[in-house]
1. Over segment 154-263, with a single point scatterer placed on each C-alpha, what log10 of the ratio I(q)/I(0) does the Debye formula yield at q = 0.10, 0.23 1/Å?
2. For Tyr233, what residues show an amide H to amide H distance below 5 Å, using hydrogens built from the backbone and excluding near sequence neighbours?
3. Could you pull out every residue, at least 5 positions away or on a different chain, whose amide H is within less than 5 Å of the one on Ser205? Hs are placed 1.01 Å off N in the peptide plane, and Pro or chain starts have none.
4. Defining a contact as two alpha carbons under 8 Å apart and six or more residues distant in sequence, what relative contact order in percent does segment 154-263 show?
5. By how many nm would the segment from Ser185 to Gln287 grow when fully extended, if each residue of separation counts as 0.36 nm and the alpha-carbon distance is taken off?
6. In sequence order, what are the phi-derived ³J(HN,Hα) couplings for segment 282-291 according to the Karplus relation 6.51 cos²θ - 1.76 cosθ + 1.60 with θ = phi - 60°, rounded to whole Hz, with x for glycine and proline?
7. Just subtract the alpha-carbon distance of Gln232 and Gln214 from 0.36 nm times their residue separation and send over the number in nm, one decimal.
8. Roughly speaking, what is the stretch gain from Cys320 to Ser205, that is 0.36 nm per residue apart minus the C-alpha to C-alpha distance, in nm to one decimal?
Amino acid sequence: MDTAKAGRYVGCHSREVVIVVTGRHYWDLSAWIPSLQSAHDPNIEDGGVVLRWRVARVSWPEAVSDIAFDGSIQAVINPPGLTPFKQTSFWAETIDWSVRCARQDLPETADVAVVGAGLTGLSASRALAKTGARVAVIEAESVGWGASSRNGGMVLTGLKLPVGKLVAKYGLEVSRKLYAASLSSIDCVERIVSEEGIDCDFVRSRHLVVACKQAHFDEFRRSAEELARDFQYEVRIVARHELPSEIGSEIYYGGLVDEASAGVNPAKYVAGLARANERAGATLHEQTRVERVARAGVNGFHLITTRGKLWARDIFVATCDSSAAQENYPDRLLHHCHRAALGGAGSPPQPAKQNDL
């Protein structure tokens with residue numbers, strides 16, 4: 001929903017501020033704003049589609065310090081006598097960011113240049129450095145800048161697609177391998193935490209998914225059956241009357257519990273990965289943006305950065321901006337990065353599309 005349309009539905013009056021958010025982005029403010037009232041309004045239209053909105057009314061106009069539009073509609077509310085709402089990451093406040101990687105000069109050469117110092121980049125660079133490779137990690141912002149340090153802290157089994165859709169799209173054999181990789185990834189995180197002694201509150205906490213509708217619960221049952229039959233993996237179905245033992249409420253239609261999932265403090269984990277990289281011999285270069293990449297003959301690449309030029313035999317691209325990757329790194333290079341990450345050798349085959357990587 002764009003800002004212009006959103007503005008029609010957000011207003012600040014003499015006695016109240018009206019906040020309109022979609023049901024998907026709605027959060028329960030009633031726990032800390034006693035006079036909050038909420039209701040569904042089915043009459044708001046956007047582009048010809050009737051949407052169900054939550055309309056929250058707060059009777060403290062002086063408490064509203066700002067209204068910001070960022071795709072989901074939010075208002076910063078500081079009710080008198082209550083702790084002001086904070087817009088900073090909770091995880092970031094649990095570590096001392098002043099103890100950062102020492103600023104190092106960009107080397108002239110490296111065996112592998114890893115672009116991006118998030119979870120993916122730091123995991124790859126740690127593994128490469130432990131083999132004896134000279135690794136330079138290049139980060140446009142700072143270690144763990146994006147979602148790597150600002151996520152839910154959930155280390156979950158499975159993939160984004162439910163297993164039924166996964167099988168329909170990729171076939172059973174490939175889907176089994178993908179699902180097995182999701183399980184081994186949790187073991188990988190646990191192993192790294194143990195090997196590097198990272199204090200990041202990692203725990204096999206399991207996870208619970210609840211059903212907001214009967215149809216959702218029916219899908220849980222089908223998914224559990226498919227996992228057991230086709231993947232030899234067991235999850236536990238929680239009937240509605242059993243939910244109080246899990247969450248103390250029967251408000252939902254049931255749930256699904258996966259015992260293998262874990263939880264972690266992502267900021268502590270990514271900071272620990274950075275320190276592990278330094279111990280392994282990798283160099284980390286924050287505030288260094290890659291502006292251009294060019295081939296340097298047949299055996300390497302030149303990376304032009306905001307802090308100088310670096311030659312690397314191989315490049316591993318681990319950024320979250322796929323559009324920038326497409327613009328700055330040609331397909332052949334992306335494939336080359338993928339080949340290097342998998343430890344392949346020899347000349348790469350035909351260029352791979354980015355979506356295949």
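1. Evaluating at q = 0.10, 0.23 Å⁻¹ gives log10 I(q)/I(0) of -0.33, -1.23.
2. So Tyr233 has HN proximity to Ala228.
3. Ala262, Gly263
4. 36
5. Length gained, Ser185 through Gln287: 33.8 nm.
6. For segment 282-291, the Karplus-derived couplings read 6, 9, 10, 10, 7, 6, 10, 9, 7, 9 Hz, x marking Gly and Pro.
7. Between Gln232 and Gln214, full extension yields an extra 3.9 nm.
8. 38.7 nm
Values quoted throughout were computed directly from the atomic coordinates according to the rules given, and no laboratory measurement underlies them. Here the structure is a predicted model, which means the values were calculated and not measured. Please note: Cβ atoms are built from the backbone with ideal geometry, for glycine as well, and neighbour counts cover all protein chains shown.
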